[in-house]
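Colleague: The structure follows.
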Amino acid sequence: MLTLDELLAPVTADAFHTDYDDRKPLHIPADAAASKRALLDWAGFNALLDQSSIWTAQTLKMVYNGDPIDPSAYCNEVRSQSGASLRPAPARVQTLLANGASLIAGDVQSLTPELRAISRALSETFAGLVGANVYCSFGGVQAFDTHFDLHHVFAVQVEGRKVWRLYQNRADAPMSLPEDSDEARRWFARTRGALMQEVVMNPGDVLYLPRGWYHDALATEGASLHVTFSVTPLYGRVLFGLLESAAMQDPAFRAWLRPSSEDGGRPLKQQLADLGRRLAALTERPEFVDEIAMSQERLVPRDAPYGLPTRPPLTLYRPTGLMPPRIAGPGAIAIDWAMSQPQIALEDMLAQFDFIPPDTIREAVEQAVRAGALKRL
């Protein structure tokens, strides 16, 4: 199974974070063994596409010369036991591909063990949400015009070749993209700057692009297949929702603001300065730092593999009615929930609160047992 270290090799993780992470692009040519190419091949991609029931017009898209193709041109309405849905029709998709269209298969990050392993590794490393798309294109066809992305990009070429053009300019921490239109395309072309580098991607090559870096790509001769992993960490905006919830527990934030006309606005300025100091103090509290850490952990995929027909034994507990001990850190959230239930299974607790380290939950449960607040059944 390909690991993150193997994906970046021969660049070390320390060198990547020091020199490239959110700083500048990095092209990593394939090693002699080309192990990164094993991420996906034509046979594996065809096998994914053959699972026609998992694809919709939203997850399988087609473009031609940079323009999206209307789903009605490659999808059929299909009726099943679940009802009617619009699904890509393999014959219609392949006809469009033969005419020079490109195909984008989205949300594939969990569809194979290899894709799942890299997605989870990237998510854990960057504490971010990870998605993966597969791009299938053909010689001389440009699927997308110059653009930048709102996330880290890790592109892995797995079949064929592709030329990526990287431009000098970079958008400053962009949060949104202009709506796709001719004017937007002209704006991208006008603001991208001069061509900085052309990167020829061969099977097994990896290309990293920081958020906001202007680029486009063009398949060379023959067919090209590459997988792009998008990595989106949290940014400062997440603070507002968490701060609001925490701040409203302080009466100072529930008090009326002083009129700006009073004494030349001096009382209002003093009140705002006081509220600002209180907000700063909130962000330094260990509980607030824990909330941010748990928000990051929620982004990491933790789906456990099925092991049927084996059914795991359950470790059952029941609240006794006694007060639980004071639990420090995230484990307090899990214990508060446990105290509100007539009976709990430790395994269910670990699954529900998978954004809290399992050892933290187990230790919190043991503390509650020692205090007599939980009883093992």
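Colleague: So how tilted is helix 238-247 from the main axis of the chain? Cα-based, degrees 0 to 90, rounded to 10.
Modeller: On a 0 to 90 degree scale, this one is about 10.
Colleague: Around Asn76, what is the net charge, scoring Lys/Arg as +1 and Asp/Glu as -1 over all other residues with Cβ under 9 Å from its Cβ?
Modeller: Local net charge: +1.
Colleague: By what distance, in whole Å, do the Cα atoms of the stretch 151-223 stretch along each of the three principal axes, largest value first?
Modeller: Computed over the stretch 151-223, the largest-to-smallest principal extents equal 33, 23, 22 Å.
Colleague: Helix 113-126 against the longest principal axis of the chain: what's the angle in degrees, Cα atoms only, rounded to the nearest 10?
Modeller: 50
Colleague: Which value results for Rg/Rh of the stretch 201-356 when Rg is the Cα radius of gyration and Rh the Kirkwood radius based on the inverse mean 1/r?
Modeller: 1.15
Colleague: Express the accessible area of the chain per residue in Å², computed with a 1.4 Å probe while the remaining protein chains stay in the model.
Modeller: 55
Colleague: If you look at just the Cα atoms of the stretch 8-123, how large are its Rg and its Dmax in Å?
Modeller: 18.1, 53
Colleague: Tell me, what % of the accessible area of the chain is carbon and sulfur with a 1.4 angstrom probe?
Modeller: The C+S portion of the solvent-accessible surface of the chain is 53 percent.
Colleague: Ok, one more. According to the Cα gyration tensor, what semi-axes, each the square root of 5 times an eigenvalue, does the equivalent ellipsoid of the chain have, listed from largest to smallest in whole Å? Walk me through the intermediate numbers first.
Modeller: On the way: eigenvalues 382, 195, 93 Å².
Value: 44, 31, 22 Å, ordered largest first.
Colleague: Right, next: Can you work out the FRET efficiency for the pair Gln168 and Ala13, with r the C-beta to C-beta distance and R0 = 45 Å, to the nearest 0.05?
Modeller: 0.95
Colleague: Report the extension gain between Asp41 and Thr3 in nm, rounded to one decimal, defined as 0.36 nm multiplied by the number of residues separating them, less their alpha carbon distance.
Modeller: 11.9 nm
Colleague: Along the charge dipole of the stretch 193-313, Cβ charges K/R +1 and D/E -1, which of Leu243, Leu275, Tyr214 sits furthest on the positive end?
Modeller: After comparing all options, I get Leu275.
Colleague: What does the accessible area of Tyr135 come to, in Å² to the nearest 10, when a probe of 1.4 Å is used?
Modeller: Accessible area, nearest 10 Å²: 40 Å².
Colleague: Could you state the principal axis extents of the C-alpha atoms in the stretch 87-159, from the largest down, to the nearest angstrom?
Modeller: So the three principal-axis extents are 41, 28, 23 Å.
Colleague: Of the options Phe188, Val78, Leu4, report the single residue whose Cα projects farthest towards the positive end of the charge dipole of the chain (beta-carbon charges: Lys, Arg +1; Asp, Glu -1).
Modeller: Highest projection toward the positive end goes to Val78.
Colleague: Taking the Cα centre as origin and putting +1 on Lys and Arg beta-carbons and -1 on Asp and Glu beta-carbons, what dipole magnitude results for the stretch 1-143, to the nearest 20 debye?
Modeller: Values: 10 positive and 15 negative charges, 99 e Å.
Its charge dipole is roughly 480 debye.
Colleague: Once fully extended, how much extra length lies between Ala351 and Arg376, figured as 0.36 nm per residue of separation less the alpha-carbon to alpha-carbon distance?
Modeller: On the way: separation 25, 0.36 × 25 = 9.00 nm, distance 1.88 nm.
Computed gain between Ala351 and Arg376 is 7.1 nm.
Colleague: Still on this model: Tell me, what is the FRET efficiency for Leu177 and Arg266 to the nearest 0.05, using R0 = 45 angstrom and their Cβ-Cβ distance as r?
Modeller: Details: r = 44 Å, r/R0 = 0.98.
So the FRET efficiency works out to roughly 0.55.
Colleague: Expressed as an acute angle from 0 to 90° and rounded to the nearest 10, what is the orientation of the C-alpha long axis of helix 182-191 relative to the principal long axis of the chain?
Modeller: 80
Colleague: Please work out how much accessible surface Glu124 shows to a 1.4 Å probe, ignoring ligands, DNA and RNA, in Å² rounded to 10.
Modeller: Its accessible surface works out to 100 Å², give or take rounding.
Colleague: Then there's this: If you place +1 on the Cβ of every Lys and Arg, -1 on the Cβ of every Asp and Glu, and leave all else neutral, what size is the dipole of the stretch 203-334 about its Cα centre, to the nearest 20 Debye?
Modeller: Here the size comes out at about 600 debye.
Colleague: Please give the charge dipole size of the stretch 140-188, origin at the Cα centre, charges +1 on K and R Cβ atoms and -1 on D and E Cβ atoms. Round to the nearest 20 debye. Write down the numbers at each step before the final one.
Modeller: Details: 6 positive and 8 negative charges, 67 e Å.
Around 320 debye, computed over the stretch 140-188.
Colleague: Given the options Asp250, Asp41, Asp336, which has the most mean-square fluctuation in a GNM of the chain, springs set between C-alpha atoms less than 10 angstrom apart?
Modeller: Between Asp250, Asp41, Asp336, it is Asp250 that shows the largest mean-square fluctuation.
The values are calculated or read from the model by the stated rules, or taken from the named source; none is laboratory data. None of the values given here were measured: they were computed from a predicted structure. In this analysis, Cβ positions are derived from the backbone assuming ideal geometry, glycine residues included, and neighbour counts consider all displayed protein chains. For accessibility, only protein heavy atoms count, side chains too; no ligands or nucleic acids. Shrake-Rupley method; radii C 1.70, N 1.55, O 1.52, S 1.80 Å.
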